[in-house]
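These notes are about the structure you will find just below.
Bear in mind these aren't lab numbers, they're just calculated from the coordinates by the rules spelled out. Note that the structure is a prediction, hence the values are computed from the model and not measured. Every residue, glycine as well, gets a Cβ built from its backbone with ideal geometry; the counts of neighbours run over all protein chains shown.
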């Protein structure tokens, strides 16, 4: 469960911009903690914003391949695994990669998200 890299889109309340948080499947994102980093309150994004920002529906959002790069924060707990699994565009498709590759391909910032 911990090796699953779930891509969750949040909305920054003031600016309205989408924020991607890639969390370990074992963790629940603490929206307040990530919001402090952004200096904005975070809220869960509506399905329409997720689709607009990523090109994918909730449940199958991959960490890359979006129309525009998103500010991305990666759960530090994913870094402990030799390999992780991320959604590949549908709820039933995944791909394997290393945590280091995830950071590189997303230009994400590794943070504590719980």
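Please give the length that would be gained between residue 46 and residue 111 if that part of the chain were fully extended, namely 0.36 nm times their separation in residues minus their C-alpha to C-alpha distance (nm, one decimal).
Numbers: separation 65, 0.36 × 65 = 23.40 nm, distance 2.37 nm.
Length gained, residue 46 through residue 111: 21.0 nm.
Just from its helices, what would the mean residue ellipticity at 222 nm be for the chain, if runs of 4 or more DSSP H residues each count -39500 (n - 2.57) and the sum is divided by every residue, rounded to the nearest 500 deg cm²/dmol? Before the final figure, lay out the partial values.
Values: 3 runs with 24 residues, N = 114.
Per the formula, -5500 deg cm²/dmol.
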Added length on full extension, which subtracts the Cα-Cα distance from 0.36 nm per residue, residue 30 to residue 58: 8.2 nm
Mean Cα-pair separation over length for the stretch 4-111, i.e. relative contact order, pairs under 8 Å, 6 or more apart, %: 26 percent
Efficiency of FRET from Cβ geometry, residue 80 and residue 17, R₀ 30 Å, rounded to 0.05: 0.50
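For the chain, what does the alpha-carbon gyration tensor say about shape, rounded, prolate or oblate, given a ≥ b ≥ c as the root eigenvalues, a/c under 1.5 as rounded, and a/b over b/c as prolate? Can you show the working numbers first?
Working: a/c = 1.70, a/b = 1.20, b/c = 1.42.
It comes out oblate by the Cα gyration axes.
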